[in-house]
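Written below as C-alpha cells is the structure these notes are about.
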Amino acid sequence: MIRCGTKFRREVLVTEKMVEEFADLTGDSNPIHLDAEAAQKRGFKERVVQGMLLLALIGSLFPEDSKDLPIFRELKGFKFGSPVYVGQMVEITGEVVGLSELRGMKRAEIRVTIFNRDESKTAARGILTILI
C-alpha cells in the first residue's frame, strides 16, 4: 500500500549495451553518447548516458509483482545536474510526498533523485506523478 512517506530505492549499473540499445531504439545518436573522443571534445570524461535513459530507469523503482503498478502521468521540474558515464552505478530513490484522488484512482507525487554513486553527485531530480 502506498502512502505519504513511502520510499523506493533501486541501484542500476548503466552498461554500454543499454546506452547503445537506447540509441538504436530512440534514434538519439548524439556522438557524446556513442563516441568517447566526441564526448571528450565536448568537455566530458567519457561517453555520457542519455538523460532520457536515466528517466526511463525510474520505472524500475516499482516492483513488477506489486498489485499497484503505476501509470506514469507527469514529470515535473526534472533537472540534470551532473553527467552519468557509461559503466557507472546510479541509485534511484523516490519518496511519496503527496497523495490525492483522481477519477477513482490514487494520484501520488513522488520526489525522485538519480544519484551517480561513482561520482557522488546528483545526476537528476524532480517530481514524478503516478496514478495507481
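Read the figures in this text as sums done on the coordinates, not as results from a lab. Model, not experiment: these values are computed from the prediction. No Cβ is skipped: glycine too gets one built from the backbone with ideal geometry, and neighbour counts run over all protein chains shown.
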**Asked** Given the C-alpha centroids of the range 53-132 and the range 1-31, what is the distance between them in whole angstrom?
**Response** 10 Å
**Request:** Answer with one residue from H33, Y85, T122: the one whose Cα lies farthest towards the positive end of the charge dipole of the chain, charges on Cβ with Lys, Arg +1 and Asp, Glu -1.
**Result:** T122
**Asked** For the chain, what is the calculated [θ] at 222 nm in deg cm²/dmol (nearest 500), taking -39500 (n - 2.57) for each run of four or more DSSP H residues and dividing by its residue count?
**Response** -5000 deg cm²/dmol
**Prompt:** Stretched out fully, how many nm does the piece from E21 to K7 gain, at 0.36 nm a residue minus the Cα gap?
**Reply:** 2.1 nm
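Based only on other Cβ atoms within 10 Å, what is the fewest-to-most ordering of S82, S29? If you can, show how the numbers build up before the last one.
Values: S82 13, S29 10.
Ranked by crowding around the Cβ, least crowded first: S29, S82.
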**Request:** Loop only per DSSP, at most 12 neighbouring Cβ atoms within 10 Å: give me the GluC sites (Glu not before Pro) in the range 20-129, ordered by residue number.
**Result:** E64
**Asked** Among the lysines, which fall within straight-line cross-link reach of K45, defined as a Cα-Cα distance under 16 Å, with same-chain neighbours fewer than 8 residues apart omitted?
**Response** K121
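Give, rounded to the nearest 20 debye, the magnitude of the charge dipole that the chain has about its Cα centre when Lys and Arg contribute +1 at Cβ and Asp and Glu contribute -1 at Cβ.
Details: 20 positive and 19 negative charges, 142 e Å.
Approximately 680 debye in magnitude.
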**Asked** How far, in degrees from 0 to 90, does helix 16-26 lean away from the longest principal axis of the Cα atoms of the chain, to the nearest 10?
**Response** 70 degrees
